[in-house]
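Down below is the structure, laid out as C-alpha cells.
The values are calculated or read from the model by the stated rules, or taken from the named source; none is laboratory data. Computed from a predicted structure; not experimentally measured. Methodologically, a virtual Cβ is constructed for each residue, glycine included, from the backbone with ideal geometry; neighbour enumeration extends over all protein chains shown. Remember, those area values only see protein heavy atoms, side chains included, never the ligands or the DNA or RNA. Shrake-Rupley method; radii C 1.70, N 1.55, O 1.52, S 1.80 Å.
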Amino acid sequence: MKKKDVSRRQFALLAGTMAAGAGRIPLQGADALTAQEVAHRMQTSLGGEWPASGPDGFKAGDPNTPVTGIATTAMATMGVLKQAAMAGTNLVITYEPTFFGRQENPGVADDPVYKAKKQFIEKNGLVVFRLRDRWQARKENDMTTGLAEQLGWSKYRVRPGDSIYEIPATTAEDAVALIRKKLSLRGGLRAVGDRKARVRRVMLHPGTMTSAVMWQRYSETDLTITGEVREWENTHYAADIFTAGEGRGLVTIGRVVSEDPGMRMCAEWLKTLAPEVPSRWIPAGDLYWRAV
Amino acid sequence: MTGREVVELIRKNVGVPWNEQSYRDTFKLGNPDSTVRGIATTVMVTFDMLKRAHQAGLNMIVSHEDTFWNDRDETKDLTSNPLYKMKTDYVLKNDMIIWRIHDHMHAMRPDFTVVGSLRSVGVKGGEDAVMRARVYTIPETTLGEFASQVKRLTGSRAFRCVGDPRAKVSRILLGPGYATPRMTAEADVVIGGEQQEADGAFDDVEYVADAASLGMAKGLIMLGHVVSEQPGMEDLAKWMRTFIREVPIQFVPAEEPFWT
C-alpha cells in the first residue's frame, strides 16, 4: 500500500502551525519567513543581476513582513490585491508595475487612486514585489510554456525552447474562439489578417512583440499570438501581408492576459522555493470590454 | 504639377514654421518630380489603400503615418523582405509618390487629427482643437452609453473600453494616435488611439481599472490608431483643396484592420 504522502509544503505548514501554536497565525520572530527572505531565495535561484534601477524589486509594503502566503499575477491591480488580501496571501509577486507605469508612481503622489491603492496595501499588511526581468530571463521561458499550457497546446511544441507549436488543423476564427474561451477573455482580443486561414503552425509570443521579431518570423507560421504590438508597426504589417495574399493572421490578446499564464507557472515554482507557505495564482484577467 | 510642388504649396499654407529636421514629413517612395494626377490623403499607407488610390487614378499619397511598418520608415532590414519588395514594386510600377505629413499636422492650428477625432465620437466644440489635450464637457451619460454612441458614430468594430459601464461621465479628454493622454482629476473619460498597455510612462489601463475597482467614475476608450486619426485626414483633404485646384484630392481611408 502506498504510504500517505505528505508534501513538503503540507509538512511545513503543519510544522509551522505547531510551532506557532495557533491556527493561521504566521511564525513570528527569527524563524518567520519574511518577504525579504522569499526575495533572497528568488534572487539566489534565478541568479543574474538585480540592479536597483531595474524593474525587479519591492514596490510597496514592508519587506520584513512575515509571509502568510504568496500570490502571483501578471499585474497587481486593485482587483488582484483585494483577492490576495481575502485569501490571506500577503506577498504579491507581480510581473507588471503596481503604480501605473515603469517608474512606479509616475508623479502621482497625491493622486486619489494612487493613495487609495497604497493605503489598501498598508492596511492589509500586503507586500508587493515585481518580478519581471529575471523571471523572463529564466531558461525555462515559462511565460511561453505557461501560455501554451493554458491553451492546451503544450504537447504540440515543435522544438524545445522555441515558441512555435503545431496544433491540430483549424481555422484562424476557430483558433480565436478557443483562445477566447481558454483564457476567459472579455473584450481585449483583436485579430488582423485572414480569418478563414487554415491554421496548423502557431507562434506564441506573450507580452509585446517588436517589429524585428515580426519581420523575421511572421511568415513562418499561420497564426501569431501575442499580447500587444504597435499598430503602426506590426498590425499594419499583418494587414499588408493579408492584402498581398498570404493566408495568415496576427492575434493580439492583450499584454496582461498574455502574461497571466506565465505567472501561474511562477506560483508553481514558488511552491518549491518557499514550501513553508502556500503559493497561488491570481490572474489579473482581461480588463477590457466592448461597447454594445 | 509635381509631388515636390504639392509639398511646396502645403509648406506655404501650413501656418507654422516648417521643420526641416522632421524625419517623418518627407518623401518615402517614388519620384518627387513625377507628375501628380491626383492626391489621396490617408492615415496609413496600407497596401490595400494604395491599390484603391491607384484604381481611383490618384498617384500621390499624403499619409499621416508610415509606409514600411516603422516610424522612421527605415528599410535597411527589409531589403530582402518579399512584402517590402512587392509593395515597393507596386508603387514604382504605377508611378506613385508617397509623402508623409505627421509632425506638421500636429503643429497646425487647428490640429485636424484632434478636430476629426472629437467630431467622430460626437464631442462638440472641438473645431479649433490643437494637440495639447483639453477637457470637453458633454451632457452627463454613462460610460456604457457613451461607448455605444462611439460605436454607432465611428462604425469601429474593435475599439476597447476599460472602467465601469455604469459610471456617470461628462468630462472627455481625447488624444488621437499614440498620444493617448494620461487620466487627470479633471477628466472622467480618456479617449486615445493606442498606448502600450503596461510598463510605460503612464499606464492608463491599470489606472482606470483600479479607479473603477475603488468606485471612482473613470473610463478609458482606446479607439485604435487608424480609427482615431483617420477622420482628420478628410479635413486635411478639404484644406488642401483650398489651395490646390489643379488635380483632384480625395480622402482614401485605410480600413480598420481588426476583426474580433
Exercise for the section: Out of A:ALA109, A:ALA116, report the one residue that is aliphatic (A, V, I, L, M), assigned by TED's automatic domain parsing to the domain that holds A:ASN90 and open to solvent by 40 Å² or more (accessible area, probe 1.4 Å). Expected result: A:ALA109
Problem - Given (1) within 7 Å of another protein chain (Cβ to nearest Cβ); (2) open to solvent by less than 10 Å² (accessible area, probe 1.4 Å), index of the condition B:LYS151 fails - result: (2)
Practice task
Taking the options A:GLN150, A:GLN103, name whichever one is open to solvent by 30 Å² or more (accessible area, probe 1.4 Å) and under 14 Å from the mean Cα position of the chain (by Cα).
Solution key: A:GLN150
Practice task
Scan the range A:221-252 for residues that are among the hydrophobic types (A, V, I, L, M, F, W, C), within 19 Å of the chain's Cα centre (by Cα) and within 11 Å of another protein chain (Cβ to nearest Cβ) and jot them down.
Solution key: A:VAL229, A:VAL251
Exercise for the section: With respect to B:VAL162, determine if the residue is more than 9 Å from chain A (Cβ to nearest Cβ) and touching a residue at least 40 places away in the same chain (Cβ under 8 Å). Expected result: no
Exercise for the section: State whether the residues of the range A:158-165 include one that is touching a Gly at 6+ places or on another chain (Cβ under 9 Å) and either outside the structural domain of A:LEU33 (by TED's automatic domain parsing) or within 13 Å of A:MET78 (Cβ to Cβ) (or both). Expected result: no
Completion exercise
Taking the range A:262-292 and the residues there that are without any contact (Cβ under 8 Å) to a residue 40 or more places away in the chain and within 13 Å of chain B (Cβ to nearest Cβ), the one that is least open to solvent (accessible area, probe 1.4 Å) would be A:ALA291
Handout entry: Boolean, B:GLU255 is more than 8 Å from chain A (Cβ to nearest Cβ) and either touching a residue at least 60 places away in the same chain (Cβ under 8 Å) or in a loop (DSSP other than H, G, I, E, B) (or both)
Key = no
Practice task
Report whether or not A:GLU259 is surrounded by 22 or more Cβ atoms within 10 Å (Cβ to Cβ) and either out of contact with any strand residue (DSSP E or B) (no Cβ under 6 Å at 6 or more places or on another chain) or more than 9 Å from chain B (Cβ to nearest Cβ) (or both).
Solution key: no
Fill in the blank from the handout: Given (1) part of a loop (DSSP other than H, G, I, E, B); (2) within 30 Å of A:ILE282 (Cα to Cα); (3) in contact with a helix residue (DSSP H, G or I) (Cβ under 8 Å, 6 or more places away or on another chain), A:TYR165 misses just (1)
Handout entry: Enumeration of residues in the range B:66-83 that are open to solvent by 10 Å² or more (accessible area, probe 1.4 Å) and part of a loop (DSSP other than H, G, I, E, B)
Key = B:ASN70, B:ASP71, B:ARG72, B:ASP73, B:GLU74, B:THR75, B:LYS76, B:ASP77, B:THR79, B:SER80, B:ASN81
Practice task
Evaluate the range B:131-144: report whether one residue or more is open to solvent by less than 10 Å² (accessible area, probe 1.4 Å) and either part of a helix (DSSP H, G or I) or touching a residue at least 40 places away in the same chain (Cβ under 8 Å) (or both).
Solution key: yes
Exercise for the section: Spot the failing condition for A:GLU233; the list is (1) in a loop (DSSP other than H, G, I, E, B); (2) under 26 Å from A:ASP286 (Cα atoms); (3) without any contact (Cβ under 8 Å) to a residue 24 or more places away in the chain, and only one is missed. Expected result: (1)
Completion exercise
Counting only residues that are open to solvent by 10 Å² or more (accessible area, probe 1.4 Å) and farther than 14 Å from A:PRO97 by Cβ, the range B:196-219 contains a total of 7
Problem - Single residue of the range B:229-260 satisfying the filter (touching a strand residue (DSSP E or B) at 6+ places or on another chain (Cβ under 7 Å) and of a type in the set (Gly, Ala, Ser)) that is surrounded by the most Cβ atoms within 10 Å (Cβ to Cβ) - result: B:ALA254
Handout entry: Any hit, the range B:162-171, residues being surrounded by 21 or more Cβ atoms within 10 Å (Cβ to Cβ), at pLDDT 95 or above, within 21 Å of A:GLY101 (Cα to Cα) and of a type outside the set (S, T, N, Q)
Key = yes
Exercise for the section: Count, please, the residues in the range A:250-283 that happen to be in a loop (DSSP other than H, G, I, E, B), of a type in the set (A, V, I, L, M, F, W, C) and more than 29 Å from A:ARG217 (Cα to Cα). Expected result: 3
Practice task
Tell me, yes or no, whether the range B:41-52 has at least one residue that is of a type in the set (Phe, Trp, Tyr) and in contact with a Phe, Trp or Tyr (Cβ under 9 Å, 6 or more places away or on another chain).
Solution key: yes
Problem - Residue match in the range A:89-103 (condition: on the phi > 0 side of the Ramachandran plot, of a type in the set (Gly, Ala, Ser) and more than 9 Å from chain B (Cβ to nearest Cβ)) - result: no
Handout entry: Filter result (away from chain A (no Cβ under 12 Å), crowded, with 22+ Cβ neighbours inside 10 Å and in contact with a helix residue (DSSP H, G or I) (Cβ under 9 Å, 6 or more places away or on another chain)) within the range B:177-189
Key = B:ASP188, B:VAL189
Practice task
Taking A:GLN83 as the residue in question, decide whether it is under 23 Å from A:ASP286 (Cα atoms), touching a residue at least 24 places away in the same chain (Cβ under 8 Å) and either outside the structural domain of A:GLY125 (by TED's automatic domain parsing) or open to solvent by 30 Å² or more (accessible area, probe 1.4 Å) (or both).
Solution key: yes
Exercise for the section: Would you be able to say whether some residue in the range A:197-212 is facing chain B (nearest Cβ under 10 Å), more than 15 Å from B:LEU83 (Cβ to Cβ), at pLDDT 95 or above and touching a Phe, Trp or Tyr at 6+ places or on another chain (Cβ under 8 Å)? Expected result: no
Problem - Search result, residues across the range A:198-217 that are crowded, with 20+ Cβ neighbours inside 10 Å and among the small types (Gly, Ala, Ser) - result: A:GLY207, A:SER211
Fill in the blank from the handout: The residue from A:THR145, A:THR170 that alone is open to solvent by 10 Å² or more (accessible area, probe 1.4 Å), in a helix (DSSP H, G or I) and β-branched (Val, Ile, Thr) is A:THR145
